[in-house]
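Bear in mind these aren't lab numbers, they're just calculated from the coordinates by the rules spelled out. Just so it is clear, the structure is predicted and the values come from calculations on it, not from any experiment. Here the Cβ is made from the backbone with ideal geometry for all residues, glycine too, and neighbour counts use every protein chain on show.
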Amino acid sequence: MSTTSSPAGQVTGQGTAQAIASAEAHSAHNYHPLPVVVSSADGAWMTDVEGRRYLDMLAGYSALNFGHRNQRLIDAAKAQLERVTLTSRAFHHDRFAQFCAQLAELCGMEMVLPMNTGAEAVETAVKTARKWGYEVKGVPDGEARIVVASGNFHGRTTTVVSFSTDPEARAGFGPYTPGFDVVPYGDAAALEAAVTDRTVAVLLEPIQGEAGVLVPPPGYLAAVRELTRARNVLFVADEIQSGLGRTGRTFACEHEGVVPDMYVLGKALGGGVVPVSAVVSSAEVLGVYRPGEHGSTFGGNPLACAVGLEVIAMLRTGEYQERAACLGDHLHEQLGLLVGGGVTQVRGRGLWAGVDIAPRHGTGRQVSERLMDRGVLVKDTHGSTIRLAPPLVISREDLDWGLAQLRGVLAES
Ligand SMILES: Cc1ncc(COP(=O)(O)O)c(C=O)c1O
């Protein structure tokens with residue numbers, strides 16, 4: 001985690017241009033990446049095909065909480081690569097039970113259903129809540145409803161985009177899956193009004209990431225917990241982006257002393273090495289499944305479990321949560337100084353911030369491009385916001401250097 005960095009130059013070289021042209025010719029244009037072509041990475045730093053170094057202030061949307069190629073995770077993956085990588089769930093393997101038991105323990109819950117990507121885990125949560133609703137709560141078959149929040153981002157599958165309120169994510173992909181009720185995020189009264197005897201779950205991000213790192217008003221998560229408990233409704237917390245250390249706690253729900261009925265986890269659970277996701281809940285809830293009713297060829301594979309086990313061991317030390325809390329305080333203090341200047345608002349918790357850029361400095365995308373020119377990689381969202389989510393292993397010096405580049409961009413535009 002070196003602190004001496006040479007900022008990237010302004011000129012996009014031939015290697016970069018060729019790689020981008022080739023990607024544009026041969027891949028679907030479902031993303032609009034910054035014009036940088038990464039060829040290696042270490043800790044909080046990435047290097048492009050022309051040898052320029054960049055500070056990663058996005059960390060794969062929290063998938064790289066432990067930094068690029070974290071040695072403990074790489075060692076765990078390598079050791080597993082030498083033993084067995086995939087069995088399918090047709091057979092048991094010797095890392096599976098350990099992974100499930102330790103993840104359940106980390107969450108203070110009883111059972112785990114492992115999947116691969118975040119969207120699959122959300123799909124699994126939806127299916128589980130519906131099945132629990134029919135078999136345990138007694139909702140008439142086919143009538144289960146799930147309450148979700150406006151501005152949500154839970155993934156890209158057809159069911160998940162069915163309850164998105166973002167036209168970009170949703171339009172053109174109908175017909176949509178029914179059974180969802182959308183209420184304004186952060187409004188406990190609206191949520192309460194939407195709950196009926198057919199409601200099986202409330203599905204929420206404890207902090208909305210893609211929406212621009214929106215932190216709900218104090219007391220909201222606790223109110224949701226109280227209400228769902230009183231109405232026999234599952235509180236499903238999508239901690240795919242907010243969980244596993246990012247906010248300074250293992251789970252963002254902890255900031256309000258709340259334990260949901262189900263955690264949906266992904267991203268950092270795979271240590272930035274392999275896709276690993278999971279639904280974690282009680283035996284009553286996950287106990288609804290019988291063989292053949294749900295599954296995934298790759299879910300809970302030996303390589304995923306080996307890396308996931310190391311992630312759990314690292315989180316158990318508390319070291320990463322502590323770093324996120326301390327460095328997060330510093331990050332928010334520094335960003336707060338920009339409010340009223342080049343920045344109109346800053347939101348977030350721990351090493352996670354949504355920074356609204358004053359319109360006179362251009363769009364979030366333009367600010368991201370200028371930051372890239374100075375050797376810092378971030379991601380814009382919703383026009384005028386940039387998201388900062390550096391790896392939790394970032395040094396304070398590197399964080400300060402990244403912040404200095406942001407101040408530099410705002411000063412010169
Ligand atoms: C809160 C949340 N849920 C679900 C997802 C979907 O995860 P994946 O991209 O792995 O399918 C994301 C991805 O950004 C997310 O932030």
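Looking at this structure, is residue 328 in a strand (DSSP E or B), under 20 Å from the mean Cα position of the chain (by Cα) and of a type outside the set (Val, Ile, Thr)? Even if it seems obvious, please write down each step before you answer.
On the way: in a strand (DSSP E or B): no; under 20 Å from the mean Cα position of the chain (by Cα): yes; of a type outside the set (Val, Ile, Thr): yes.
No, not satisfied.
Only residues in region 149-163 that are closer than 14 Å to residue 237 by Cβ count as the first member; pair them with residues that are more than 8 Å from the ligand (Cβ to nearest atom), Cβ under 6 angstrom, at least 6 apart or cross-chain, and list the lot.
149/185; 149/204
Search region 358-381 for residues that are over 13 Å from residue 35 (Cα atoms) and touching a residue at least 12 places away in the same chain (Cβ under 8 Å) and pair each with any residue that is surrounded by fewer than 22 Cβ atoms within 10 Å (Cβ to Cβ) and basic (Lys, Arg) when their beta-carbon atoms are under 7 Å apart and the residues are at least 6 apart or on different chains.
These pairs meet every condition: 380/365.
Would you pick out the residues in region 112-155 that are surrounded by fewer than 24 Cβ atoms within 10 Å (Cβ to Cβ), of a type outside the set (D, E, K, R), away from the ligand (no atom under 15 Å from the Cβ) and under 18 Å from residue 178 (Cβ atoms)?
Of everything in region 112-155, those that are surrounded by fewer than 24 Cβ atoms within 10 Å (Cβ to Cβ), of a type outside the set (D, E, K, R), away from the ligand (no atom under 15 Å from the Cβ) and under 18 Å from residue 178 (Cβ atoms) turn out to be 134, 139, 140, 142, 144.
Give region 212-232 a look and list any residue that's among the small types (Gly, Ala, Ser) and more than 15 Å from the ligand (Cβ to nearest atom), or say none. Steps first, please.
So in region 212-232, the residues among the small types (Gly, Ala, Ser) come out as 212, 219, 222-223, 230.
Within region 212-232, 219, 222, 223, 230 meet the criteria.
Could you count how many residues in region 233-252 are crowded, with 24+ Cβ neighbours inside 10 Å and either part of a loop (DSSP other than H, G, I, E, B) or away from the ligand (no atom under 13 Å from the Cβ) (or both)? Give the steps one after another, and end with the answer.
Going through region 233-252, the residues crowded, with 24+ Cβ neighbours inside 10 Å turn out to be 233-234, 236-247, 251-252.
Right, trim to either part of a loop (DSSP other than H, G, I, E, B) or away from the ligand (no atom under 13 Å from the Cβ) (or both) and you get 233-234, 239-247, 251.
Within region 233-252, residues that are crowded, with 24+ Cβ neighbours inside 10 Å and either part of a loop (DSSP other than H, G, I, E, B) or away from the ligand (no atom under 13 Å from the Cβ) (or both) number 12.
Any residue that is within 15 Å of the ligand (Cβ to nearest atom) and in a strand (DSSP E or B) - is there at least one of those in region 159-178?
Looking through region 159-178, none of the residues is within 15 Å of the ligand (Cβ to nearest atom) and in a strand (DSSP E or B).
Return yes when residue 131 is of a type in the set (D, E, K, R) and closer than 26 Å to residue 257 by Cβ and no when it is not. Full working, then the answer.
Values: of a type in the set (D, E, K, R): yes; closer than 26 Å to residue 257 by Cβ: no.
Spelling it out, it is not the case that residue 131 is of a type in the set (D, E, K, R) and closer than 26 Å to residue 257 by Cβ.
Taking region 331-350, which residues are in a helix (DSSP H, G or I) and surrounded by 15 or more Cβ atoms within 10 Å (Cβ to Cβ)? Even if it seems obvious, please write down each step before you answer.
Just the residues of region 331-350 that are in a helix (DSSP H, G or I), to begin with: 331-336.
Selection gives 331, 332, 334, 335.
Of the conditions (1) over 30 Å from residue 195 (Cα atoms); (2) surrounded by 24 or more Cβ atoms within 10 Å (Cβ to Cβ); (3) away from the ligand (no atom under 16 Å from the Cβ), residue 302 fails just one. Which one is it?
The number of the failed condition is (2).
How do the pairs read when you match residues in region 230-255 that are of a type in the set (Phe, Trp, Tyr) with residues anywhere that are within 13 Å of the ligand (Cβ to nearest atom), using Cβ under 6 Å and keeping only pairs 6 or more apart or on different chains?
Once the first residue is of a type in the set (Phe, Trp, Tyr) and sits in region 230-255, its partners that are within 13 Å of the ligand (Cβ to nearest atom) give 251/239; 251/243.
Any residue in region 86-109 that is within 16 Å of residue 279 (Cα to Cα) sitting within a Cβ distance under 6 Å of a residue that is among the aromatic types (Phe, Trp, Tyr) and not in a loop (DSSP other than H, G, I, E, B)? List the pairs, counting only those 6 or more apart or interchain.
From residues that are within 16 Å of residue 279 (Cα to Cα), the pairs are 107/263.
Show me the helices (runs of 4 or more DSSP H) entirely contained within region 11-114 in which 3 or more residues are within 24 Å of residue 325 (Cα to Cα). Working first, answer last.
Numbers: elements: 14-26, 59-62, 71-81, 96-107.
The helices (runs of 4 or more DSSP H) meeting that bar are 59-62, 71-81, 96-107.
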